[in-house]
Amino acid sequence: MQLVLVTCGMPGIGKSTWAEAQKLPIVSPDRERARLGDAADQRLNGAAWHRVRERIEQAVFTGNPPALIVDGTFAGRSDRKSMLRTIGPTARRVLVVFPVDRAAAHRQNAARGRLVPAPVVDRFADKLEESLPRVWTEGWDLVWDVLAGAPWGEQPWTPKLAAHAAACGWPAPPR
Ligand SMILES: Nc1ncnc2c1ncn2[C@@H]1O[C@H](COP(=O)(O)OP(=O)(O)OP(=O)(O)O)[C@@H](O)[C@H]1O
Ligand SMILES: [Mg+2]
């Protein structure tokens, strides 16, 4: 069973840093904008998202790679539901939720080269605070609060997800 992990969180909170640490293939609009010429050029967004969807559709069609990360903000319910539709029903779909921590996001955003305007950071936080309480109803196989050390947390866990966790090098779920 293929595993698709989708990050969800404020700009600057550490999604890409986390994604790179997982040692899994990553699909992201930032990377596609960079391939198109400039990671910071928001005018490339439409083309970048088109390529993101193409890459995901191809991965899901071929079942390869067995696990991948889609690294984006996905702050709104409609953004997440659209990504669920792109992935389709065959893969296990895990939403990796980062904390809505405005202080940390502003601090980390201000300390890096590619600065997202502060009001934009806050707008994403508002969107997350509004939509996350009902994230359980969107259709994810697992919603993983990344602050919980392991993806299972207190949540339902299946042997197939456990096999993927082992393949990803995550610690074994508790018995
Ligand atoms: N856990 C952490 N503690 C402290 N700093 C961090 C942490 N995670 C990431 N950072 C730093 O914060 C900055 C933003 O991280 P990152 O690029 O991973 O955020 P992001 O969520 O991907 O943002 P964006 O949505 O804009 O792509 C980077 O400079 C990174 O080194
Ligand atoms: Mg990022």
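The values are calculated or read from the model by the stated rules, or taken from the named source; none is laboratory data. Note that the coordinates shown come from a computational prediction; the quantities given were computed from them, not determined experimentally. No Cβ is skipped: glycine too gets one built from the backbone with ideal geometry, and neighbour counts run over all protein chains shown.
In segment 19-36, the residue that is nearest to ligand 1 (Cβ to nearest atom) out of those that are out of contact with any Cys (no Cβ under 9 Å at 6 or more places or on another chain) and of a type in the set (A, V, I, L, M, F, W, C) is A19.
For I13, indicate whether it is within 19 Å of L84 (Cα to Cα), in contact with a helix residue (DSSP H, G or I) (Cβ under 9 Å, 6 or more places away or on another chain) and within 12 Å of ligand 2 (Cβ to nearest atom). Answer is no for this residue. V60 satisfies every condition listed in (1) among the hydrophobic types (A, V, I, L, M, F, W, C); (2) in a helix (DSSP H, G or I); (3) more than 19 Å from V143 (Cβ to Cβ); (4) at pLDDT below 95 except (4).
Here K23 passes the criteria (1) closer than 20 Å to A67 by Cα; (2) part of a helix (DSSP H, G or I) except the one numbered (2). Test V52 against the stated conditions and say whether it is assigned to a strand (DSSP E or B), β-branched (V, I, T), crowded, with 16+ Cβ neighbours inside 10 Å and touching a helix residue (DSSP H, G or I) at 6+ places or on another chain (Cβ under 8 Å). Criteria not met by V52. With respect to the conditions (1) assigned to a loop (DSSP other than H, G, I, E, B); (2) closer than 16 Å to A91 by Cα, V6 lacks only one, and its number is (1). Within segment 62-116, the set of residues being under 15 Å from the mean Cα position of the chain (by Cα) and hydroxyl-bearing (S, T, Y) comprises T73, S78, S82, T86. Residues in segment 26-66 that are closer than 15 Å to I87 by Cα and away from ligand 2 (no atom under 15 Å from the Cβ): 16 in all. Assigned to a helix (DSSP H, G or I), surrounded by 13 or more Cβ atoms within 10 Å (Cβ to Cβ), within 12 Å of ligand 1 (Cβ to nearest atom) and free of Cβ contacts under 8 Å to residues at least 60 places away in the same chain: which single residue out of S16, S82 fits that description? Of the residues listed, the single one that is assigned to a helix (DSSP H, G or I), surrounded by 13 or more Cβ atoms within 10 Å (Cβ to Cβ), within 12 Å of ligand 1 (Cβ to nearest atom) and free of Cβ contacts under 8 Å to residues at least 60 places away in the same chain is S16.
Within segment 116-137, being charged (D, E, K, R), at pLDDT 95 or above and surrounded by fewer than 18 Cβ atoms within 10 Å (Cβ to Cβ) holds for D122, R123, D126, E129, E130.
Based on this model, can you work out whether I69 counts as in contact (Cβ under 8 Å) with a residue 24 or more places away in the chain, in a helix (DSSP H, G or I) and crowded, with 16+ Cβ neighbours inside 10 Å? No. Take the conditions (1) away from ligand 2 (no atom under 15 Å from the Cβ); (2) of a type in the set (S, T, N, Q); (3) closer than 20 Å to A148 by Cα; T86 misses just one of them, which is (3). Exactly one residue out of G149, G153, G113 is outside any helix (DSSP H, G or I), on the phi > 0 side of the Ramachandran plot and either modelled with pLDDT under 90 or of a type in the set (S, T, N, Q) (or both): that is G153. Of the numbered conditions (1) over 20 Å from Q22 (Cα atoms); (2) surrounded by fewer than 15 Cβ atoms within 10 Å (Cβ to Cβ), G63 satisfies every one except a single condition; which is it? Looking at each condition in turn, G63 falls short on (1).
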